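Structure record follows, encoded as structure tokens.
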Amino acid sequence: EEFKNEKEIKDNIEIIINDKVIPFSYFYKSEKKGKYSIKYKFRQLLKNTNYMFALCKNLTSINISNFNAKNVTNMSNMFLRCESLTNIDLSNIDTQKVTNMKNMFCNCESLVNINLSNFKTENVTDMSTLFFNCQSLSDIHVSNFVTQKVIYMSYMFYGCKNLKSLDLSNFDTHDVIYMNYMFAGCKSLTNINLSSFNTSN
């Protein structure tokens, strides 16, 4: 979605696998089994990171501490079905312009730690299925989330069966229209305070 044609992609993206620059391709077939170091170099600032790591089922760790995301508006499906990923540190990621976080961590079922301490969500309108089936997370710190523009919260914590606590005291839900199945399948959740929720819409 970022570039108009394949030539523009080649001019703006460099792919390095095991320290070797490879010709751009939408699909890369590895020669043999083993560990691979994959690096992307972007020559211009991205606006979309949707589906960026989606379906990387064998990815166990990721370091995006130096990732420049200050112009990104769409992070939907970014880590969709990264089923083996255990830790994600997004504390240095600038999400101030992001409007879409739908499915961002959907089906990250091995995720035990996620750092969202500096997450900026003041422009986000869609948080639906954000943590869908993150069944290994016992705690999600979202107390710093600004949700004043959010419309969609459906299935947001669906299937987080090990989630024990959740602080939503700062959630502003006056614009939310959809929050169906928001906490469905949260079998271990013992206490939740929704006293600040405005469900008028």
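The values are calculated or read from the model by the stated rules, or taken from the named source; none is laboratory data. Owing to the predicted nature of the structure, the values given are computational and were not obtained by experimental measurement. Ideal geometry is used to build each Cβ from the backbone, glycine not excepted, and the neighbour counts take in all protein chains shown. In case anyone asks, the SASA skips ligands and DNA or RNA and just uses the protein heavy atoms, side chains included. Shrake-Rupley method; radii C 1.70, N 1.55, O 1.52, S 1.80 Å.
Given 89, 94, 139, which one is among the charged types (D, E, K, R), under 12 Å from the mean Cα position of the chain (by Cα) and under 23 Å from residue 62 (Cβ atoms)?
Details: 94 fails: under 12 Å from the mean Cα position of the chain (by Cα); 139 fails: under 12 Å from the mean Cα position of the chain (by Cα).
Going through 89, 94, 139 in turn, just one is among the charged types (D, E, K, R), under 12 Å from the mean Cα position of the chain (by Cα) and under 23 Å from residue 62 (Cβ atoms): 89.
Could you list, ordered by first residue, the pairs with Cβ atoms under 8 Å in which the first is in region 133-158 and in contact (Cβ under 8 Å) with a residue 40 or more places away in the chain and open to solvent by 50 Å² or more (accessible area, probe 1.4 Å) and the second is of a type in the set (D, E, K, R) and not in a loop (DSSP other than H, G, I, E, B), at least 6 apart or interchain?
The qualifying pairs are 152/126.
Tell me, please, whether a residue that is open to solvent by less than 80 Å² (accessible area, probe 1.4 Å), in a loop (DSSP other than H, G, I, E, B) and at pLDDT below 75 can be found in region 46-58.
Initial filter on region 46-58 (open to solvent by less than 80 Å² (accessible area, probe 1.4 Å)): 46, 48-50, 52-54, 56.
Filter once more, so that each one left must be in a loop (DSSP other than H, G, I, E, B): 46, 49-50, 52-54, 56.
Narrowing further to those that are at pLDDT below 75: none.
Taking every residue of region 46-58 in turn, none turns out to be open to solvent by less than 80 Å² (accessible area, probe 1.4 Å), in a loop (DSSP other than H, G, I, E, B) and at pLDDT below 75.
Can you report the number of residues in region 159-183 which are among the hydrophobic types (A, V, I, L, M, F, W, C) and open to solvent by 30 Å² or more (accessible area, probe 1.4 Å)?
If we filter region 159-183 for residues that are among the hydrophobic types (A, V, I, L, M, F, W, C), which is where we start, we get 160, 163, 166, 168, 171, 176-177, 179, 182-183.
Narrowing the set further to residues that are open to solvent by 30 Å² or more (accessible area, probe 1.4 Å) leaves 177, 179, 183.
The qualifying residues number 3.
Could you check how many residues of region 129-180 are closer than 19 Å to residue 193 by Cβ and of a type in the set (Lys, Arg)?
Looking only at that region, the number is 1.
Out of 123, 133, 103, which single residue is under 21 Å from residue 155 (Cα atoms), within 12 Å of the chain's Cα centre (by Cα) and part of a loop (DSSP other than H, G, I, E, B)? Please lay out each step first, then the result.
Details: 123 fails: within 12 Å of the chain's Cα centre (by Cα); 133 fails: within 12 Å of the chain's Cα centre (by Cα).
Exactly one of 123, 133, 103 is under 21 Å from residue 155 (Cα atoms), within 12 Å of the chain's Cα centre (by Cα) and part of a loop (DSSP other than H, G, I, E, B), namely 103.
Quick one: residue 163 ticks every box in (1) over 28 Å from residue 97 (Cβ atoms); (2) out of contact with any Cys (no Cβ under 7 Å at 6 or more places or on another chain) except a single one, so which number is it?
The single condition residue 163 does not satisfy is (2).
Starting from residues that are modelled with pLDDT of 85 or more and not in a strand (DSSP E or B), keep the ones in region 1-33 and report whichever is most open to solvent (accessible area, probe 1.4 Å).
Ranking the candidates gives 19 first.
Considering region 77-121 alone, what residues qualify as being open to solvent by less than 20 Å² (accessible area, probe 1.4 Å), touching a Lys or Arg at 6+ places or on another chain (Cβ under 8 Å) and of a type outside the set (A, V, I, L, M, F, W, C)?
77, 95
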